[in-house]
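> Pasting in a structure now, in structure tokens, and then I'll have a few things to ask.
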Amino acid sequence: MPVTSPSQPTVLSAQRPLWRDLIACAQLIGAVQAGASLSTALPQAATRGKWDASQRGAAQALSFAVLRHLGTVRALLADLQPKPIHPPLLRDVLQTALALLLPDAPAHYAAHTVVNQAVEACKRTPSLRHAQGFANALLRRFVSRTADIEAVRMSTLEARWNHPDWWVQALQSAYPADWQSVLEVAQRQPAMTLRVNPRLQSRTAYQAALAACGLPCTAPDDPLLDQALILKQALAVERLPGFERGWVSVQDAAAQYAAALLDVQPGQRVLDACAAPGGKTAHLLERCDCDLLALDKDAQRLRRVEDTLDRLGLQAHTLAADAAHPATWWDGQPFDRILLDAPCSASGIARRHPDIRWLRRAADIPALAATQAALLDALWPLLRPGGKLLYVTCSVFPQEGVEQARAFLARHADAIASPAPGQLLPQEPAPDQTEDEPGPGAARHSQDGFFYALFTKAS
């Protein structure tokens, strides 16, 4: 079932009462606060509630917007009601309503409409009927005290920056000059970036096809992004010309560096060690005919790789296996190229998936770094002398990036560091900036946060 793109602004139906979207969003916000990802919670809630495509898309888009303000609304709710609020669904309805009442709310409703519809949501939900009066009084009290919002917002790091305290502190330590920019970018709607399949379309021709459909876009001025187009407005993939015929895929600009950096040559033996969902796998094959093994330990996610390749008309060997244990799957023949897009915190894509910031814990980072190191050490012997291994994470934390790369080089005397971008921080042009004419120090184009290290094995 098609859903609203995460990049798309919140769209609520004029035909469907707002209280329904408040309840739907509250269910998703509650699931995230209980430890579930939106990618898991959304289809489960949609199935239980028998949501149609419109309600599903609205719930997703609204939940994204609320999660981008969750630190602030948590602080506001605690200020309004210091005691714990039960049941949790009531708390989540109130958090959703407070997000819609903020001065920078994701959708514009009159305050009385939000309050009345939140009360209606309680009235229509058996477990919340007892709380109608409480919800009404609390939200009306908030509306009368909007002058206090800024003081509450500035009271804690989480309330100010809408990320957990430990996350903000880690960025402050890692990027003394840039940490605020990283956090601010995470609050903006990310652009929708495309990757044109050069086997079927030139970038110029596809850009013209988009323009003919009234879909303006820009082409990044970067030789490593020669297939990328950035749309001015996000939309459902079904509206992209030739999407089902394999002309184009959706892939962030920073993720598109991988294929160019790995520099696969025709006929080479290539391993994509953690391949799902398959964007980088497909990109490698779009650029070059090679003997590629797409590996992933999750058989269900591996099917997404196969579906992607089928849509694009590409072929690869696929295998469900754990890259960290080559003895269980490797045939003993060395690889010319290895792509290790390693499991990571996903902190670099938090602007695109705002649930990530609330799901991660500080203790996750060293644990993930240990997994990454184990994968690097397990895969390095599989690379032939003169071959290249590209280490990638969609993270902004140094433990998963530059520190990991330095430690690997210290452990392996036959590993040579080759030119690579290193740490790419997330960026998004400001609303008043055009990507064609960025100002001094401004973002040149939209991109997630990624780390790239390229290692060549000594001959």
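> If you average the C-alpha positions of the stretch 371-430 and of the stretch 279-345 separately, how far apart do those two centres end up, in angstrom?
18
> Mean projection of the alpha-carbon convex hull of the stretch 231-353 over all orientations, in nm²?
8.3
> Between the DSSP loop rule and a limit of at most 15 other Cβ atoms within 10 Å, which trypsin sites (Lys or Arg not before Pro) in the stretch 166-270 are left?
Answer by residue number: ARG199, LYS232, ARG245.
> A follow-up question, please. Taking Rh as the Kirkwood radius computed over C-alpha pairs, what is the Stokes-Einstein D of the stretch 283-372 at 25 °C in a medium of viscosity 0.890 mPa s, expressed in µm² per second?
159
> What is the mean projected area of the alpha carbon convex hull for the chain, to one decimal in square nanometres?
Here the figure is 22.6 nm², rounded to one decimal.
> So what is the calculated 222 nm ellipticity per residue for the chain, using -39500 (n - 2.57) for each DSSP H run with n of 4 or more, over all residues, to the nearest 500 deg cm²/dmol?
My calculation for the chain gives -12500 deg cm²/dmol from helical runs alone.
> Hey, got the Cα dimensions of the stretch 69-195 along the principal axes, in Å, largest first?
Ordered largest first, the stretch 69-195 gives principal extents of 49, 39, 27 Å.
> Considering Cα pairs under 8 angstrom that are at least six residues apart, work out the relative contact order of the chain and quote it in whole percent.
RCO, the chain: 13 percent.
> Kindly flag which residue pairs out of LYS50/LYS280; LYS297/LYS388; LYS232/LYS457; LYS232/LYS297; LYS50/LYS83; LYS123/LYS232 have an alpha-carbon separation exceeding 30 Å in this structure.
Over 30 Å Cα-Cα: LYS50/LYS280; LYS232/LYS457; LYS232/LYS297; LYS50/LYS83; LYS123/LYS232.
> Taking 1 over the mean of 1/r across every pair of different Cα atoms in the stretch 140-219, what Kirkwood radius in Å do you get?
After inverting the pairwise mean of 1/r, the radius is 16.7 Å.
> Please work out the ratio of the alpha-carbon Rg of the stretch 191-251 to 2.2 N^0.38 Å and round it to two decimals.
That works out to 0.98 for the stretch 191-251.
The numbers here are math on the coordinates, done by the rules we state, and not lab data. Keep in mind that what you see is a predicted model, and the values were worked out from it rather than measured. Note that each Cβ is placed from the backbone with ideal geometry, even for glycine, and that neighbours are counted across all protein chains shown.
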